[in-house]
Amino acid sequence: MAGYPFKTIEAKWQRYWETNKTFSVTAIDKSRPKYYVLDMFPYPSGDGLHVGHPEGYTASDIVARYKRMRGFNVLHPMGWDAFGLPAEQYAIKTGTHPKITTEKNVNRFRTQLKALGFSYDWEREVNTTDPHYYRWTQWIFKQLFERGLAYQDEKPVWWCAELGTTLANEEVIDGKSEIGGFACVRRPLRQWVLKITEYADALLAGLDDLDWPASTKEMQRNWIGRSDGAEIDFAIPGNARRIRVFTTRPDTLFGATYMVLAPEHELVDALTTKPQKRAVAAYREQAASKSELERTAQKDKTGVFTGAYAVNAANGKSIPIWIADYVLAGYGTGAIMAVPGQDQRDWEFATEYALPIVRTVAPPAGFAGEAYTGDGVAINSGFLDGLRVEDAKARMIAWLEAGGHGARRVNYKLRDWLFSRQRYWGEPFPIVFIDGEPRALPDDALPVTLPELEDFRPSGSPEGPLAAARAWLETVDPTSGRPARRETNTMPQWAGSCWYYLRFIDPHNAKRLVDPDLEKYWMPVDLYIGGSEHAVLHLLYARFWHKVLYDAGFVSTPEPFIKLVHQGTILGELEYTVNGERVAEDLVEKHGDRFVLRDRPEVPVDARAYKMSKSRGNVVNPDEVVERFGADAFRLYEMFMGPLEQVKPWSTRSVDGTHRFLNRVWRLIVDERRDGLAETLADRAPTAEELRLLHQTIATVSEDIEALRFNTAISALMELTNAAYKWGSLPKTLAEPLVLLLAPLAPHMAEELWQRLGHAASLAYEPWPSYEPKYLVTATLEIPVQINGKMRGRIEVPSDADEQQVIELARADETVLRYLEGKELKRAIYVPGRIVNLVVAG
Ligand code: ANZ
């Protein structure tokens, strides 16, 4: 079978779209609704495009093309998130400047994306490493700085000696760097920190109205980790200081039988009694070597008594003060009141060290567990007795506040965002230091460009590689004319992606970040598609910056991304094994949902898919697939694999399937030998059945694209194509809508067919075929009617009529009516599509 000439066609239409600027968007058009559909722009890595990239990009492209045909003014841009560690690490290895590597990678990515026929407005391309772009990243930092939302702080940070840099919490996993797996230690350093905690509540509240995956919203909620509770002060007899704790369960105060300080707590030295000093010192040393994760995850609770006591204000009892590493220094106040009756960790600790346990909430009858954390009635709790948990909390807080023992308090897991990196390949800060004091540079001194460096390796000191650029480093503050020193840190990789969606709206504006009218017209992003690995960091950081810009009046919407969808990871090809031995795909057959050997179906085959990785050797190169089957078949396959959000294995064999489908569509309309239209393309009027199927397909494809159910949209088009082959010929009036329906999914072929059907211009802005419900109900069936077992007539009914409708039609039929006259209808049965049975008496 000679396939359709996809290479020529795809190159031809890519050229056409480019020269005609088919997808460039220029004006605010108030006469049409706008639609902003955004992809998470890629980091242009040295490996080129991965088959995972085009999954989300194809989905968004289908929506963009569909919305254009539906009359929307569509913004669909693409750019590069190009600062970051890999280019710098590659530079360190090979001596190639990150700028050169980045440019090369960007060019490769761009070529690959263009070869897939995505309808981006390429005139809006942005690159986060371009000084015209990062000038505005710096400008936003200034806004943060001037509002007190960027500050410097001496903080314990992760220091990775191997990488020669500090890392953010999220870049360190189990005490090792996420990139490279090098050992990291905590070390105090002066750092830029962004006050994201000030936006904790706004970031939480904003989630409610977003059309985002529930799991992503939940991850953000957990990351922010709001806890409502109280702070309570505990007096220490013979000591003026008090121990302040944070608790989410002030109602359990009567059950606080001991206290625990984090080993790092500042009061430990002052409280520890002489006989306990050695044990405490030894324990503190041991705790310092554990990561936070180890400390929270460990099963066996350990700790040491300080020798000191505090007073439980609720009942006046003296309770011992311990230190234990299950209490973390960085959360709450770094100290707790321990309530073993209601807290499982405290229960375990109390059991281990024989500390008293008092239940203050009555567990339900038959409760066999240890600590009881559920709701119930307060017991052993003086004035709280008999109250349920929520009421008891409120009563206790009122009592604490009245007596000066404590107050209501909200706590967050969210920490301020460490915003400095000791790297070369990042945005410089728009900051200079005069006598050690940071000053923001005036707007006209921006951008602060990266100096050319010969040696951009991390210096190994917290100063970073920029400290070596002497001429750049020592400068004059343009505002005061005084000698000043530049900031030598750069911004983290997340900075540029925090606001790129705004720059796409007005990418060439040299005067402002974005023109306010344009911003008002295009924002918010209507659909954002990208990987779930960004569920927290990128998506939380971007929302944070956006809210700051909103409060400052630079943007008009409180949230940037209204609807968010994560495409599912594409795994490698299924790998087949029998007893652990690899078996070739050809030898395997699928029986139902099981795999067996083709020749010996009694032998089960284990089929498993793994994440694509170089080490496993199962990475699929999209270029090769496009070369073999064409971009349209590739796009179609990625959408046909299964639901967009689902994790699914790749199968090159199945790309052949979508390729064959496209061939069938092609041959329905084109006759290659005659280099003209196919003979099957008929001038005749379509039959009712043909119209019914067409309109059914229009309805399905439209609904499915709206709901991002591309796999079922493709199935519907396959069914229509199959039916057309059965009809023997395809009326021309049906060929055109078929091509239009195919256009968002397989745009190159659709454009070519459209042209061959006699249209001069691109179909990109052709109105989407409209679905007319009347065609769906025109189809009728002829149904025989029996009365008391005898055939008495035939009636015509709509094919989708229900039982009641059909019976009514039967009873109203003239012939049938004659047999029913004067008789009583006992029973009426409709066997759908087959027969009506009437039973009469008299
Ligand atoms: C007494 C109590 C009784 C508690 C009870 C819980 C249940 P979230 O929800 O995570 O905020 N806590 C407070 N600070 C801590 C720290 N630095 N390290 C370890 N644990 C800490 O949890 C708050 C609860 O975790 C607090 O409420 C405290 O234990 C503990 F029946 O206080 B609770």
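T19 to T248: extension gain in nm, 0.36 nm per residue of separation minus the Cα-Cα distance?
Contour length minus the Cα-Cα distance gives 76.1 nm.
Counting other Cβ atoms within 10 Å, keep those with at most 15, restrict to DSSP loop, and tell me which trypsin sites (Lys or Arg not before Pro) in the range 120-189 are left.
For trypsin sites (Lys or Arg not before Pro) across the range 120-189 that sit outside H, G, I, E and B with at most 15 neighbouring Cβ atoms in 10 Å, the list reads R147.
Report, in degrees rounded to the nearest 10, the 0 to 90 angle that the Cα long axis of helix 652-669 makes with the longest principal axis of the chain.
Taking Cα atoms only, the helix is inclined about 40 degrees.
Please work out the average accessible area per residue across the chain, using the 1.4 Å probe convention, and give it in Å².
45 Å²
Loop only per DSSP, at most 13 neighbouring Cβ atoms within 10 Å: give me the trypsin sites (Lys or Arg not before Pro) in the range 493-575, ordered by residue number.
K511, R512
Determine the shape class of the chain: with a ≥ b ≥ c the square roots of the Cα gyration tensor eigenvalues, call it rounded for a/c under 1.5, and otherwise prolate if a/b is greater than b/c, oblate otherwise.
Since a/c reaches 1.5 but b/c is at least a/b, the shape of the chain is classed as oblate.
Calculate the FRET efficiency for F433 and E585 from the Cβ-Cβ distance with a Förster distance of 56 Å, rounded to the nearest 0.05.
Calculated value: 0.35.
Report the extension gain between A240 and H508 in nm, rounded to one decimal, defined as 0.36 nm multiplied by the number of residues separating them, less their alpha carbon distance.
90.2 nm
What is the calculated FRET efficiency for E533 to Q298, with r their C-beta to C-beta distance and R₀ = 25 Å, to the nearest 0.05?
The value I calculate is 0.35.
What percentage of the solvent-accessible surface of the chain, computed with a 1.4 Å probe over protein heavy atoms, is contributed by carbon and sulfur atoms?
51 percent
Between V647 and W223, how high is the FRET efficiency from 1/(1 + (r/R0)^6) when r is the Cβ-Cβ distance and R₀ = 22 Å? Nearest 0.05.
After rounding, the FRET efficiency stands at 0.50.
Testing the spin-label approximation: label points 7 Å from Cα along Cα→Cβ at T712 and N169. State their distance in nm.
4.1 nm
For D802 and D208 in one chain, what is 0.36 nm times their gap in residues minus the Cα-Cα distance, to one decimal in nm?
Between D802 and D208, full extension yields 209.7 nm more.
Run the simple label-point estimate for T733 and T680 please: 7 Å along Cα→C-beta, distance reported in nm.
Output for this residue pair reads 2.1 nm.
List the trypsin sites (Lys or Arg not before Pro) within the range 195-298 that DSSP assigns to loop and that have no more than 15 neighbouring Cβ atoms inside 10 Å.
Within the range 195-298, the qualifying trypsin sites (Lys or Arg not before Pro) (loop, at most 15 other Cβ atoms within 10 Å) are R226, K290.
Please state the relative contact order of the chain as a whole percent: Cα pairs under 8 Å, 6+ residues apart?
Contact order relative to length: 13 percent.
Take each of the peptides 747-758, 647-658, average the number of other beta-carbon atoms within 10 Å over its residues, and list them starting from the highest.
747-758, 647-658
Any chance you could check the Cα centroid distance between the range 564-586 and the range 348-383 for me, in angstrom?
After rounding, the separation between the Cα centres reads 49 Å.
Which angle between 0 and 90 degrees, to the nearest 10, do you get for helix 732-742 versus the longest principal axis of the chain when only C-alpha atoms count?
Tilt relative to the chain: about 10 degrees.
Kindly express, to the nearest 10 degrees and within the range 0 to 90, the angle between helix 688-706's C-alpha long axis and the longest C-alpha principal axis of the chain.
Compared with the principal axis, the helix lies near 10 degrees.
With each pseudo-label sitting 7 Å past Cα toward Cβ, what's the K30-E474 distance in nm, one decimal?
5.8 nm
What translational diffusion coefficient, in µm²/s and rounded to a whole number, does the Stokes-Einstein relation yield for the range 42-89 at 10 °C and a viscosity of 1.306 mPa s, taking the hydrodynamic radius as the Kirkwood radius over Cα pairs?
In µm²/s, the coefficient is 125.
In terms of Cα to Cα distance under 29 Å, which lysines are near enough to K611, apart from those fewer than 8 places away along the same chain?
K93, K104, K114, K176, K217, K563, K590, K648
The values are calculated or read from the model by the stated rules, or taken from the named source; none is laboratory data. Note that this is a predicted model, so its numbers are computed, not measured. Counting neighbours? That spans all protein chains shown, and the Cβs are built from the backbone with ideal geometry, glycine included. Just the protein is used for accessible areas: all its heavy atoms, side chains included, with ligands, DNA and RNA removed. Shrake-Rupley method; radii C 1.70, N 1.55, O 1.52, S 1.80 Å.
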